[in-house]
Amino acid sequence: MNIFDIIGPVMVGPSSSHTAGAVRIGHTARKLLREPVRDAEILLYGSFLVSGKGHGTDCAIVAGLLGMKEDDRNIPDSFRIARERGMSFRFGEATELVDAHPNTAVLKLTGESGKKLELVAESVGGSRINIRTLNGFPADFSGESPTLIVYNQDRPGLVSEVASMLSREDVNIATMHLHRSNRGGTGVMVIECDQEVPKSTRTKLSLAEGIKKVTYYSLKDQD
Amino acid sequence: MSFTRLSDILRQAEVTELPFWHMVLLDDMEARDVTEEESVRTMRSMLRSMKEADRNYDADLRSFSGLSGGDGEKLEKAAAKDSRIMGPFLASVMARAVKMAESNACMQRIVAAPTAGSCGVIPAVLLTYEEQFGATEEKLVEALYVAAGIGEVIAARASISGAEGGCQAEIGSASAMAAGALSHLLGGSGEMIAHAAALALKNMLGLTCDPVAGLVEVPCVKRNVSGAVNAVAAEEMVRAGLRSRIPPDEVIDAMRRTGRLLPDGLRETAMDGLAATPTGQKIKKQLLQE
């Protein structure tokens, strides 16, 4: 938290968690998809489901999916803008979640090229968010730092290879979470960085042995 | 290192012979690794966004629930006609607080300070002061640093979230921040700033968060008025020579403990208090049917 979390953010009301946080969830998801959203299924849970309507949580998430930020005056108009741009969306209840954070949304997205992305995201207070899971894997990152998500084969040495590749580019690791489906199966590294990871490094990473897929979340608008 | 005690800000200000607000600026430069110019530019943009939100108030707007809108204009008109009781300054502070909070409820762009629900308190005090007594943009930016420093300490020692600490953490914190900021505008020392914040917060201890239908509207919009007026009263007390008998940091600690003791139903869950009244329940039911 810094002083501009205290005086700020500049945002469209009424609620930092239910409106600004919801925009950030949509915006982060759009960036992770890395292409415009063609279709979105948005499932709400807990307080998002119960008081979401009055807080504009629904139009806030759609606004984020359109690439808007939390201070965009067009947020209340997002449904109309989405229709104009040919983006379809549906809302529902996230019935599959149990004991989740009270402000949780499940997003099932299809991009323009047919690319799919599914994530579970929480609005955790202020306008801060946490991406709980990504494509079924635990993720836990905030979207406040450049984040590298590496899907890999679960084998010894791979973590240190990725870490040294980043250090050669002077990218400092802020946090790192490791998860795996089962021993020797698919693992995922979620790495929040202090600097942006150059495109060349990401390409090199995705070609390395044992790496199945690399997803990148950049703080820059275009990347 | 971010500040976790108001007394630390005061001590460092004394050692460096710099004012309270400048300590907060230096702290931000270190915390975010930015230059003085970058930090000040960001704070100035917050001030300008507050002014823009104040200017753009639209009395014709209504919130989705229909519970909020138009009241700020009523207050403004009433103040223009007759402000004998509150005086022109406080009457205008009240109108501004409601206008900003209504803009927030109607999905307009505001500056969370420290939260969206309490966004009316600080601009109501600072912008009305500027309007009626005059203040340079530089001075108002300094006042926002003072507010940010107080808020930062409250967030570190207690909370600025209604879900964690009740309304005392939102309107209470905003009121403490506004009191300190006003003290700075009126030439108050660091010690006076801290006591203005403490007196404002003390008056808000125990305030619960019980919004009708879980929306940031009832009682939040009008509570911005009490936070703003309370801030002015706290500053006035300090300038008259009154002080908080309990040291400012200890008042903040009391707020944290009080917040923990509040039952769940009174911490933004919309389960108790005003939300649980027959009318509150009726409003909730109507909204769910729409």
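At 222 nm, what value in deg cm²/dmol follows for chain B if DSSP H runs of at least 4 each add -39500 (n - 2.57) and the sum is divided by all its residues, to the nearest 500?
Numbers: 13 runs with 186 residues, N = 290.
Calculated from helices alone, the mean residue ellipticity at 222 nm is -21000 deg cm²/dmol.
Against the longest principal axis of chain B, how steep is helix B:190-202, in degrees 0 to 90 to the nearest 10, with axes from Cα atoms?
Roughly 20 degrees, rounded to the nearest 10.
Find how many whole Å separate the alpha carbon centroid of segment B:232-246 from the alpha carbon centroid of segment B:108-158.
Segment B:108-158 and segment B:232-246 have Cα centres spaced 19 Å from each other.
From a point 7 Å beyond the Cα of B:Arg62 in the direction of its Cβ, which residues of segment B:88-124 have a backbone N at a distance under 14 Å?
B:106
Can you give the local net charge around A:Ile81? Use residues other than it whose beta-carbon is closer than 12 angstrom to its beta-carbon, Lys and Arg +1, Asp and Glu -1. Working shown, then result.
Values: positive: A:Arg73, A:Arg80, A:Arg83, A:Arg85; negative: A:Asp72, A:Asp77, A:Glu84.
After counting each charged neighbour, the total is +1.
Under a GNM of chain A (C-alpha, springs under 10 Å), which listed residue has the highest mean-square fluctuation: A:Phe91, A:Phe79, A:Phe141?
Per the Cα network of chain A with a 10 Å cutoff, A:Phe91 tops the list.
Between the helical axis of B:121-133 and the dominant principal axis of chain B, each derived from Cα atoms, what acute angle in degrees is found, rounded to the nearest 10?
Relative to chain B, helix B:121-133 is tipped by roughly 70 degrees.
Ranking request for peptides A:192-199, A:58-65, B:33-40: highest mean number of other beta-carbon atoms within 10 Å first, then the rest in descending order. Show your work: numbers first, answer last.
Numbers: A:192-199: 16.0, A:58-65: 27.5, B:33-40: 13.5.
My ranking of the peptides, most packed first, is A:58-65, A:192-199, B:33-40.
Take the Cα radius of gyration of chain B and divide it by 2.2 N^0.38 Å, with N its residue count; two decimals is plenty.
Numbers: Rg = 18.4 Å, N = 290, 2.2 N^0.38 = 19.0 Å.
Computed over Cα atoms of chain B, the ratio equals 0.97.
Based on the mean of other Cβ atoms within 10 Å per residue, sort peptides B:217-223, B:72-78 so the most packed one is first. Before the final figure, lay out the partial values.
On the way: B:217-223: 23.9, B:72-78: 17.0.
For the peptides B:217-223, B:72-78, the packing ranking is B:217-223, B:72-78.
Under the definition of partner shielding as Cβ atoms of other protein chains within 10 Å of a residue Cβ, what is the mean value for peptide B:110-123?
On the way: counts 7, 7, 15, 4, 6, 7, 14, 4, 0, 4, 0, 0, 1, 0.
Average neighbour count from other chains, rounded to a whole number: 5.
Filter A:Lys31/A:Lys220; A:Lys31/A:Lys108; A:Lys53/A:Lys220; A:Lys108/A:Lys220; A:Lys31/A:Lys199; A:Lys69/A:Lys116 down to the pairs with a C-alpha to C-alpha distance above 19 Å, please. Don't jump to the answer; show the numbers that get you there.
Numbers: A:Lys31/A:Lys220 10 Å; A:Lys31/A:Lys108 14 Å; A:Lys53/A:Lys220 30 Å; A:Lys108/A:Lys220 23 Å; A:Lys31/A:Lys199 15 Å; A:Lys69/A:Lys116 22 Å.
The answer is A:Lys53/A:Lys220; A:Lys108/A:Lys220; A:Lys69/A:Lys116.
Per residue of segment B:154-161, what does 6.51 cos²θ - 1.76 cosθ + 1.60 with θ = phi - 60° give for ³J(HN,Hα)? Whole Hz please, x for Gly and Pro, Karplus curve as stated.
Residue by residue, segment B:154-161 yields 4, 5, 6, 8, 10, 6, 10, 10 Hz.
For A:Ile129, enumerate residues with amide H under 5 Å from its amide H, sequence gap 5+ or separate chain, H modeled in the peptide plane.
A:Val124
Between 0 and 90 degrees, rounded to the nearest ten: what's the tilt of helix B:20-32 against the longest Cα principal axis of chain B?
Between helix and principal axis, roughly 80 degrees.
Dividing the alpha-carbon radius of gyration of segment A:34-136 by 2.2 N^0.38 Å (N being the number of residues), what value is obtained?
Numbers: Rg = 13.0 Å, N = 103, 2.2 N^0.38 = 12.8 Å.
Normalised Cα radius of gyration, segment A:34-136: 1.02.
Over the whole of A:44-54, what's the average partner chain Cβ count within 10 Å per residue? Rounded to a whole number, please. Numbers along the way, then the final one.
Working: counts 0, 0, 0, 5, 0, 0, 6, 11, 1, 7, 17.
So the per-residue partner count for this stretch is 4.
Residue by residue through segment B:82-96, which ³J(HN,Hα) values in whole Hz follow from phi under the Karplus form 6.51 cos²θ - 1.76 cosθ + 1.60 (θ = phi - 60°), with glycine and proline marked x?
With the stated coefficients, segment B:82-96 comes to 7, 10, 4, 6, 7, x, x, 5, 5, 4, 6, 4, 4, 4, 4 Hz.
When B:Ile85, B:Ile160, A:Ile211 are ordered from fewest to most other Cβ atoms inside 10 Å of their Cβ, what list results?
Details: B:Ile85 7, B:Ile160 27, A:Ile211 18.
Fewest-to-most ranking of B:Ile85, B:Ile160, A:Ile211: B:Ile85, A:Ile211, B:Ile160.
What number, rounded to the nearest 500 deg cm²/dmol, is the helix-based mean residue ellipticity at 222 nm of chain A, given -39500 (n - 2.57) per DSSP H run of at least four residues and division by all its residues?
On the way: 7 runs with 63 residues, N = 223.
Using -39500 (n - 2.57) per qualifying helix, the result is -8000 deg cm²/dmol.
Over the Cα atoms of segment A:28-85, each weighted equally, I'd like the Debye log10 I(q)/I(0) at q = 0.22 Å⁻¹, rounded to two decimals.
-0.90
Kirkwood hydrodynamic radius (Cα pairs, Å) of the protein assembly as shown?
Numbers: mean 1/r = 0.0420 Å⁻¹.
The Cα-based Kirkwood calculation yields 23.8 Å.
Per residue, how big is the convex hull of segment A:172-223 when only Cα atoms are used? Give it in Å³.
Taking the convex hull of the Cα positions in segment A:172-223, it is 89 Å³ per residue.
Bear in mind these aren't lab numbers, they're just calculated from the coordinates by the rules spelled out. If you're wondering where the values come from, they're calculated on a predicted model, not measured in any experiment. Please note: Cβ atoms are built from the backbone with ideal geometry, for glycine as well, and neighbour counts cover all protein chains shown.
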